[in-house]
Amino acid sequence: MARPSPISDHVKGLLSTGDRHLWSIDELHEAVVSQLGAADYSTVFRAVSAFERDGLIHRIDLGDGKVHYELADEHHEHI
């Protein structure tokens, strides 16, 4: 389980919001920085990795060279 922190809590909130269901780590990092003012990329990466390991999110490969993530309980078809 990811350690509670403002950054991991914010990443989880972004992934859980209904506004958007698919995120790359770069997009998550940009959103966290814009909303919290500062965040280390590696901290966002570790939070996403922990959420994936815990089964909270799924990795999605769209074939665009980037890894994307979505909540485990909300699968959408990505074409």
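So between R59 and D9, what do we pick up on full extension, going 0.36 nm a residue minus the alpha carbon distance?
Going from the current span to full extension adds 16.1 nm.
Once the whole set of protein chains is in place, how much accessible area is left on S5, using a 1.4 Å probe, in Å² to the nearest 10?
Answer for S5: close to 40 Å² accessible.
Can you give me the % of accessible surface on the chain that is carbon or sulfur? Probe 1.4 Å, all protein chains present, nothing else counted.
52
Compute the whole-percent fraction of alpha carbon pairs in the chain spaced more than 22 Å apart.
On the way: 495 of 3081 pairs.
Counting pairs separated by more than 22 Å, the tail of P(r) holds 16 percent.
Over the chain, with the other protein chains present, what is the accessible area per residue in square angstrom, probe 1.4 angstrom? Can you show the working numbers first?
Working: 4980 Å² over 79 residues.
For the chain, the per-residue accessible area is 63 Å².
Report, in degrees rounded to the nearest 10, the 0 to 90 angle that the Cα long axis of helix 25-36 makes with the longest principal axis of the chain.
Helix 25-36 sits at roughly 40 degrees to that axis.
7 Å from Cα along Cα→Cβ at both S34 and R20: what's the point-to-point distance in nm?
Here the modelled spin labels are 0.7 nm apart.
Sum up the charges of everything whose Cβ sits under 10 Å from the Cβ of V48, counting Lys and Arg as +1 and Asp and Glu as -1, but leave V48 out. Working shown, then result.
On the way: positive: K12, R46, R53, R59; negative: E52.
So the surrounding residues net to +3.
The values are calculated or read from the model by the stated rules, or taken from the named source; none is laboratory data. If you're wondering where the values come from, they're calculated on a predicted model, not measured in any experiment. When we count neighbours, we look across all protein chains shown, and the Cβ atoms used for this are built from the backbone with ideal geometry, even at glycine. Keep in mind that these areas ignore ligands, DNA and RNA; they rest on the heavy atoms of the full protein, side chains included. Shrake-Rupley method; radii C 1.70, N 1.55, O 1.52, S 1.80 Å.
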